[in-house]
Amino acid sequence: MLQRIVKPLAIAVLLLLSQLTYATEGMWLPQLLSGLNEKEMKGMGMKINASDIYNINKGSLKDAIVSFGGFCTAEVISSQGLILTNHHCGYESIQKHSSLQNNFLQNGFWAKTASEELSNPGLFVTFIVRIDDVTKAALQDVKPGMSERDRQSAIDKRLNEIRQNARKESWQETMVKPFYEGNQYFLFVTETFNDVRLVGTPPSSIGKFGSDTDNWVWPRHTGDFSMFRIYAGKDGRPAPYSQDNVPLSPKYFLPISLKGVKQNDFTMVLGFPGRTNEYLPSEAVKLTVEALDPAKVGMRDAALEVIDGYMRKDEQIKIQYAAKYASTANAWKKWKGEMLGVKQTRGIEKRERYEATYRELLDANAEQKVKYSGVLDSLNEMYRRIRPYAQTRDYYSELVKNVELFTAGDRLISFLGEVRDKGEGQYEALRQQFLESMQSFYKNYNAQVDHDVAVKLLDIYAKGVPKQYAGTEYAQICGESNNDSRALADKIYNGSGLTSLEKLKAFVQQPYNAVVAQMWKDPGTRLIMAMRKGFVDNVSKPVSDLQNSINNLQRTYMQAQMDVMATKKRFYPDANSTLRVTYGKADGYSPRDAIHYDFYTYLDGVMEKYIPGDYEFDVPAKLIELHKNKDYGRYGVNGRMPVCFIASNHTTGGNSGSPALDAYGHLIGLNFDRTWEGTMSDINYDPSICRNIMVDIRYVLFIVDKYAGCTRLIDEMKLVK
């Protein structure tokens with residue numbers, strides 16, 4: 001009897017261990033899956049082949065994935081070029097079409113016919129046609145001992161030749177990107193379409209439900225999606241916007257599953273993750289979470305508090321600042337989660353243990369020891385040396401980004417610098433271009449809001465930046481206002497020509513030399529130039545010199561890790577906005593003691609969070625009615641409407657809008673976020689708490705069909721059970 005019990009128990013333990021050994025970390029290049037990942041992916045439950053994901057001879061999953069605007073991901077979900085992405089990815093386009101009289105942000109928008117779909121100048125999508133390894137050609141002129149400048153110059157020359165000689169069609173483009181810190185290079189052949197039209201978006205009370213309170217948080221109940229359509233010329237090729245353009249007939253589009261996911265189901269995400277730094281030394285991780293993140297979070301804490309107060313009181317300001325607030329808050333909360341996650345998972349200690357193993361293996365290999373001895377120690381020392389400069393850089397950057405008058409002044413300085421470089425004869429033409437570029441800036445600008453932000457941030461800057469880095473001119477200007485940030489802000493906003501478009505126009509209507517002279521008299525531009533001078537003289541040069549040394553050492557250390565740790569670790573390249581595949585399993589997690597999160601949320605949870613009239617947690621009346629009547633159509637499950645789910649896919653910024661796929665490559669969800677504790681996955685992925693958050697595709701379809709009644713869109717999709 002005992003043997004009968006032990007045997008099944010042993011098998012169960014082995015099965016559990018086999019599940020735990022599957023890797024979920026990694027952002028893998030799709031063309032390399034067959035050699036690196038296919039076996040593991042199938043062991044985790046994948047039913048398709050690597051060739052179904054990436055194929056240059058027939059339509060494959062990669063042909064349904066696009067870079068959306070260069071900052072998000074989208075996927076093609078119909079034979080008529082319909083694409084799905086996040087609501088927050090389409091937010092700026094939705095905002096541009098919104099007004100107090102026709103507020104698509106608040107009320108949503110659904111094109112009932114193709115003629116009602118709205119154009120978006122400047123918005124584009126890019127397909128990946130082919131990816132080629134060009135490392136050998138790119139590095140053929142690189143010699144040992146070359147300076148960073150000479151090395152990059154030699155590489156750039158070869159990359160130019162590679163791009164020019166690449167096999168492609170006349171309407172296609174090429175780009176070459178470095179991987180593994182510049183140890184490898186890949187060529188991407190692409191197709192970019194510039195006629196992308198808004199088709200549909202839910203109201204923000206669905207697409208942004210929970211807003212900034214729930215951002216980066218699980219459990220989540222946000223229908224974060226919007227729909228656009230790609231248009232092409234009648235020949236099917238990229239073409240500028242024209243009423244004669246036709247919906248794109250794609251090489252491949254994603255079938256949509258109505259089945260949903262169960263716990264431990266295989267999931268896969270394809271997209272264009274922006275930037276990760278997974279192979280940094282321990283001192284770099286310390287720098288990030290102990291110095292840089294706290295500085296940036298402190299600045300944005302103050303800015304967001306001011307803006308939020310005004311948005312809650314004034315509907316016009318809410319529209320003006322909606323996109324800016326969301327963008328500012330997004331990174332702010334991410335950095336907070338990054339600090340928390342590294343601390344909770346003891347990420348620094350884990351990195352130090354990794355480095356100890358690396359040193360042991362390096363010491364055991366005579367040849368590698370000669371080649372890489374001292375590299376890691378030197379790299380860690382460089383990060384210790386750059387720390388005060390890097391922190392000051394982030395204080396300065398946050399000040400210029402979050403005080404809009406300083407942003408405007410920075411642009412004005414750049415404009416005048418361009419005139420100086422090109423000659424005063426170009427002043428009139430360049431002035432016109434500059435003023436045109438500033439119209440959209442001032443459309444969403446409020447001087448009183450900005451004044452109050454400046455008061456808070458100038459105070460933090462003065463306290464956080466050492467005097468020797470801020471500069472003497474800056475100190476002098478602050479002293480003239482008794483080092484009182486409010487008095488300084490009052491002086492600037494009462495007397496500067498940067499507080500409105502009309503004042504700026506008057507400012508630059510003077511002759512070039514008069515404008516340059518006036519820059520030293522205007523209180524706004526005077527302060528900006530003083531801050532800029534202090535930064536350039538005391539911070540920028542040291543940071544640049546140290547960063548060059550760090551880049552050189554980091555590249556060498558990257559290759560050293562791949563050589564020394566080859567038997568201990570499988571290496572994937574850091575994200576760099578190129579097409580990647582990541583895979584994992586649907587599962588909950590336990591972020592803290594006595595807390596466990598399930599992996600699914602439902603519409604019931606939306607109603608539990610509902611606060612009538614609240615800008616974050618209000619719920620449309622029709623959605624309340626559908627929930628009350630359990631009117632979910634074919635999209636509900638056992639009387640409940642699934643909303644979101646989580647899995648262990650390794651994602652980051654840029655993966656917003658990425659498709660979540662099941663074992664058969666069918667669309668099951670839409671990636672839009674990560675759990676707060678797992679945002680540190682950019683530098684310290686940990687499978688215990690790193691989860692990506694996805695809208696269940698059935699909730700998307702339910703909103704389009706039952707809520708919006710836009711059945712024409714449902715009819716053009718391929719739904720599978």
ask   = Between Val370 and Lys503, what length in nm is gained on full extension when 0.36 nm per residue of separation is reduced by their alpha carbon distance?
value = 41.5 nm
ask   = So what are the ³J(HN,Hα) numbers for the stretch 554-568, from phi and the Karplus equation (6.51, -1.76, 1.60; θ = phi - 60°), rounded to whole Hz, Gly and Pro as x?
value = 5, 5, 5, 5, 4, 5, 4, 4, 5, 7, 6, 9, 4, 8, 10
message = Taking the number of other C-beta atoms within 10 Å as the exposure measure, put Leu270, Leu713 in order starting with the fewest.
response = Leu713, Leu270
ask   = Which is farthest toward the positive dipole end of the stretch 127-193 among Gly145, Gly182, Ala166, measuring Cα position about the Cα centre, with Cβ charges +1 (Lys, Arg) and -1 (Asp, Glu)?
value = Gly145
task = Starting from the eigenvalues of the Cα gyration tensor, five times each then square-rooted, give me the equivalent ellipsoid semi-axes of the stretch 296-444, largest first, whole Å.
result = 44, 26, 11
task = Please work out how much length the chain gains when fully extended from Leu36 to Glu625, using 0.36 nm per residue of separation minus the C-alpha to C-alpha distance, in nm with one decimal.
result = 207.1 nm
message = Rounded to the nearest 5, what % of DSSP beta bridges with both residues in the chain are antiparallel?
response = 95
inquiry  = In whole Hz and in residue order, list the ³J(HN,Hα) couplings for the stretch 87-99 that follow from phi through the Karplus curve 6.51 cos²θ - 1.76 cosθ + 1.60, θ = phi - 60°; x for Gly and Pro.
reply    = 4, 6, 6, x, 4, 5, 5, 5, 4, 5, 8, 9, 8
query = Applying 1/(1 + (r/R0)^6) with R0 = 22 Å to the Cβ-Cβ distance of Ser549 and Asn183, what FRET efficiency is obtained, to the nearest 0.05?
reply = 0.80
query = Which length gain, in nm to one decimal place, applies between Lys112 and Asn483 when the Cα-Cα distance is subtracted from 0.36 nm times their residue separation?
reply = 127.7 nm
message = Please rank Trp332, Trp110, fewest neighbouring Cβ atoms within 10 Å first, as an exposure proxy.
response = Trp110, Trp332
query = At what distance in nm do the modelled label points of Asn49 and Tyr664 sit from each other, each positioned 7 Å from its Cα along Cα→Cβ?
reply = 1.9
remark   = The answer for the net charge of residues other than Leu719 whose Cβ lies under 13 angstrom from its Cβ, with Lys and Arg +1 and Asp and Glu -1, is +2
key: FRET efficiency for Trp171 and Thr567, using Cβ-Cβ distance with R0 set to 60 Å, rounded to 0.05   = 0.85
task = Find out how many positive minus negative residues lie around Glu349, taking Lys and Arg as positive, Asp and Glu as negative, among other residues whose Cβ is under 15 Å from that of Glu349.
result = +1
inquiry  = Give the list, by residue number, of cysteines in the chain with no other Cys Cβ closer than 4.7 Å, or say none.
reply    = Cys478, Cys644, Cys690, Cys710
task = Enumerate the amide H contacts of Ala660 below 5 Å, restricted to partners 5 or more residues apart or on another chain; note that Pro and chain-start residues carry no placed amide H.
result = Ile668, Gly669, Leu670, Asn671
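Bear in mind these aren't lab numbers, they're just calculated from the coordinates by the rules spelled out. Just so it is clear, the model here is predicted, and its values are computed rather than measured. Cβ sites come from the backbone with ideal geometry, for glycine too, and all protein chains shown count toward neighbours.
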